[in-house]
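Each remark here refers to the structure printed beneath this line.
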Amino acid sequence: MKYYEHRNQTTEAGTLQEQDAKDALADFLFEYASRLGDHPLIIPTCDENALLLAKHRLRLSRVSRIWSTPYDHLSDIIKKDALYRIAIDHGIPVLPSLSGQDYEGVEMWTAQYSGPYLLKPTYHQANTSHLGTKNKVIATREDLLHYVKHHGVKSLVIQLFRWGGDGEIYDAYGLCNSHGQVVTIASHRRIRQCAPNLGATSYGEIPAQIPEGEDALFGITSKLLSVLTFHGIFGIEWLRDRETGQLYLIDFNARPFLSIGHLVDCGLDLPWLAYRDLMGDDLVDVDLKPRLKHRYWVDLLRDVQGFRAKAPNRPIAWDWASSLLKVSSHAYWSWRDPGPALMRLGAAARGGMGAIGKAFGKVGTADGL
């Protein structure tokens, strides 16, 4: 069940405050599920809506089927500052980080840890408009203190930057049942990202070819999940230190993730398993560590944008083009359902025409036209 119908309604209303709009969405879901009958499934597709469903879980579960993680517990999982504290308490490696501090607190912390630093939101869709991007690298202590003085650190985590980036970010994907037990788990490697080294994946592989083997990733992921008691689809992000091979916890996506369709292409259909779980199946027939078909996948438009960016470790043109020949799973495109790809191409074309228009506008201004 999707949220798009209600999104249009709240936009037309135009007078609701942010929290009122969220509560109105919960009201809409309750009424809509009641009209549909037979307890339809509701699965969130972003952190904000996952928290919304958990907040209204008791009410919504009367008319629908939703995941059972309590709100306070889910909030600690989704928000990076709380997640990192839990991980540290249980001996799970996390890079040094700071949140919820004023200028003086940041000043004291940076005296202990020299840059570079990584700034990122506490969770996806947190209010960090001043950041201007999903993640931001700041090179020096002086630059970071200048940033904090002028913008503050509300809804942000400051983390010591450890070089990893493209090729060294690994994801553990899977599903936990209502008892918090891992039903199935798989691996993914982010080979290229847009923006390079920091953004969303544009070229990846499933399963991941990890130097230390998949068991290292699955072992540390299982240790984390054993103390969280989470219910639902998960995508847990880890950074591998290039020098030591150590895996560091980066993020926990408590919902379906960008590359879930590519996982289906490789042989693991998490949405279908989540449906069966919410319908009451015990899933005893599902392999914990399924043997998947190895595939490379690409979001071509995003990958082109990443290639054009001037990143230090950007591949040469021949290597980049050769890598595309290995691809057997494509973001948005499917012969059975070409609509999403056409929409994506249309948006890219509009963006390209807008950029061309701006460029000509600048030329015209410079020429006095």
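The values are calculated or read from the model by the stated rules, or taken from the named source; none is laboratory data. Quantities reported herein were computed from a predicted structural model and do not represent experimental measurements. Cβ atoms come from the backbone with ideal geometry, glycine included; neighbour counts cover every protein chain shown. Accessible surface is based on the protein model in full, side chains and every heavy atom, while ligands, DNA and RNA are left aside. Shrake-Rupley method; radii C 1.70, N 1.55, O 1.52, S 1.80 Å.
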Cα shape, the range 235-353, gyration tensor, a/c 1.5 rule | oblate
List the residues whose amide H sits under 5 Å from the amide H of V157, counting only those 5 or more places along or on another chain, with H placed 1.01 Å from N in the peptide plane.
-> K120, T122
Based on the Cα coordinates of the chain, what is the per residue volume of their convex hull in Å³?
-> 188
Accessible area per residue, 1.4 Å probe, Å², for the chain: what's the number?
-> 52
The range 132-269: Kirkwood hydrodynamic radius (Cα pairs, Å) comes out at 16.2
Using a basic spin-label model with each label point 7 Å from the Cα along Cα→Cβ, how many nm lie between S61 and L41?
-> 1.8
Considering the chain as a Gaussian network with a 10 Å cut-off on Cα pairs, which listed residue, D287, D215, D337, attains the greatest mean-square fluctuation?
-> D337
Report the semi-axes of the equivalent ellipsoid for the range 186-259 in whole Å, largest first, where each axis is √(5λ) for an eigenvalue λ of the Cα gyration tensor.
-> 19, 17, 11
Estimated vicinal HN-Hα couplings, Hz - the range 330-347 in sequence order (Karplus 6.51, -1.76, 1.60; Gly, Pro = x) = 10, 5, 6, 8, 7, 4, 6, 8, x, x, x, 5, 5, 4, 5, 5, x, 5
Cβ-derived FRET efficiency at R0 30 Å, R336 paired with D287, nearest 0.05 = 0.70
Helical contribution to [θ] at 222 nm, DSSP H n ≥ 4, -39,500 (n - 2.57), averaged over the chain, rounded to 500 = -12500 deg cm²/dmol
³J(HN,Hα) computed for each position of the range 41-55 - Karplus, 6.51 cos²θ - 1.76 cosθ + 1.60, integer Hz, glycine/proline x | 7, 10, 10, x, 10, 8, 4, 4, 6, 4, 5, 4, 4, 5, 4
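Among all stretches of the chain without exposed GluC sites (Glu not before Pro) (DSSP loop, at most 15 other Cβ atoms within 10 Å), which one is longest?
Details: sites that count: E212, E243.
Longest run free of exposed loop sites: 1-211.
Run through the range 155-188 and list the chymotrypsin sites (Phe, Trp or Tyr not before Pro) located in a DSSP loop whose Cβ has at most 10 other Cβ atoms within 10 Å. The partial results should precede the final answer.
Working: sites: F161, W163, Y170, Y173; in loops: F161, W163.
For chymotrypsin sites (Phe, Trp or Tyr not before Pro) across the range 155-188 that sit outside H, G, I, E and B with at most 10 neighbouring Cβ atoms in 10 Å, the list is empty.
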Checked against a 19 Å limit on the C-alpha separation, the offending pairs among K80/K120; K22/K134; K55/K223; K136/K310 are K22/K134; K55/K223
Where the centre of each part is set by its Cα atoms, how far does the range 40-109 sit from the range 279-299, in angstrom?
-> 25
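Given charges of +1 on the Cβ of Lys and Arg and -1 on the Cβ of Asp and Glu, with all other atoms neutral, how large is the dipole of the chain about its Cα centre, in debye to the nearest 20?
Working: 41 positive and 42 negative charges, 175 e Å.
Value, rounded to 20: 840 debye.
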What list of ³J(HN,Hα) values in whole Hz, one per residue of the range 310-326 in order, does the Karplus curve 6.51 cos²θ - 1.76 cosθ + 1.60 (θ = phi - 60°) give from phi, with Gly and Pro shown as x?
-> 8, 9, x, 9, 5, x, 5, 4, 5, 5, 5, 5, 5, 5, 5, 5, 7
